[in-house]
């Protein structure tokens, strides 16, 4: 599907973009991948990695700027929406800015994609959008709802929208693994709560889920990857077994456990071998055979959280992953 196509990725200089671009270039050989983002320094740094590849282009712009989006989307076939204000404390202290990017930016992109006749759009979501407990999660829930409704908002146009939702990305900038690695020699690792659990997904798995969404979507689906969980204390022990773990308390807006599918979503959720799919509640799309395909309806009251998961990553598995990915942890 993506072969010989033009793809634009908003927020493309972030962790996801740094993984999506080389993987997609290798697998699909698209005609062009456009990196749309507002940080010229990050674009300059990323451009050096792909300076010999004419398929990779860069476009300075902000999803808050509707006119700039219209210009950037000219001739684009597929869009991945990765742009977001996503650091929980930053959103709590700068709520207006978070709303402008995560909600207003989503509205701008939906309008522009419909008007520019983009074929398919996949928006990246987060576990924090499920039963949100902080502003970031609330804005991403609003964004998810906007992209789902965008399929009816498109009217007679063929533009279709879907959402991909996943939790903690292993080794990404600002995440717990590079943080623990950076301070492991101090002999003390701060633990927010010894009961805390987190989902564990690699960026490569996130990219593959986006590819699947492009291939599978009819419009309005929220795709949730099946991934293992870990206790934060086990993450700390895997990185520095001899370090003392000091409980420092949960930060404002932080959850004890991650949730990707709520009990309320269970009425519209179907299970597949490697993922779940939350179908839209509007227009009876949750009973649409084209969207359900070979899915199996989950039980009423089902939820998918990092503490009730059936799959768990061991300390040995995490240590192996760290050894195999040491060079890129915390870099993107």
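Rule-based calculations on the coordinates, nothing more; no lab input. Predicted, not measured: the structure shown is a model, and the values here were computed from it. As a convention, Cβ positions derive from the backbone with ideal geometry for all residues, glycine included, and neighbour counts pool all protein chains shown.
Between helix 105-115 and the chain there is an angle of about 30 degrees, using the helix long axis and the longest principal axis of the Cα atoms. Full extension of the chain between residue 133 and residue 184 gives 15.4 nm of extra length, using 0.36 nm per residue less the Cα-Cα distance. Quick check: from the Cα gyration tensor, does the stretch 146-231 come out rounded (a/c under 1.5), prolate or oblate? Prolate, since a/c reaches 1.5 and a/b exceeds b/c.
Protection proxy ranking of 20-30, 260-270, by the mean of other Cβ atoms within 10 Å over each peptide's residues and highest first, is 260-270, 20-30. Helix-only arithmetic for the chain: the sum of -39500 (n - 2.57) across DSSP H runs with n ≥ 4, divided by the residue total, places the mean residue ellipticity at 222 nm at -10000 deg cm²/dmol. Principal-axis analysis of the Cα atoms of the chain puts helix 315-324 at an angle of about 60° to the longest axis. A full extension of the chain between residue 288 and residue 97 corresponds to an added length of 65.0 nm, given 0.36 nm per residue minus the alpha carbon distance.
Legend: ranking of residues 10, 310, 101 from fewest to most surrounding C-beta atoms inside 10 Å; resulting order 310, 101, 10. For residue 119 and residue 153, a Förster radius of 22 Å and the Cβ-Cβ distance give a FRET efficiency of 0.85, rounded to the nearest 0.05. Where both bridge residues fall in the chain, DSSP classifies roughly 30% of the beta bridges as antiparallel.
Once the Cα-Cα distance is subtracted from the 0.36 nm per residue extended length, the residue 44 to residue 296 segment shows a gain of 86.1 nm.
Rounded to 0.05, the FRET efficiency of the residue 325 and residue 216 pair, given R0 = 22 Å and the Cβ-Cβ distance, is 0.20. Only Cα pairs under 8 Å and 6+ residues apart enter the sum, and on that basis the relative contact order of the chain stands at 16 percent.
Counting beta carbons within 10 Å around each of 282, 227, 329, 34 and listing the fewest first gives the order 282, 329, 34, 227. Put in line by how crowded their Cβ is, counting other Cβ atoms within 10 Å and starting with the fewest, 217, 170, 1 read 1, 217, 170.
Assuming a ≥ b ≥ c are the square roots of the Cα gyration tensor eigenvalues, decide whether the stretch 15-157 counts as rounded (a/c under 1.5), prolate (otherwise, with a/b larger than b/c) or oblate. Since a/c reaches 1.5 but b/c is at least a/b, the shape of the stretch 15-157 is classed as oblate.
Applying 1/(1 + (r/R0)^6) with R0 = 35 Å to the Cβ-Cβ distance of residue 51 and residue 1 gives a FRET efficiency near 0.80. May I ask for the angle, rounded to the nearest 10°, between helix 40-49 and the longest principal axis of the chain, with both axes built from Cα atoms and the value confined to 0 to 90°? Value to nearest ten degrees: 90.
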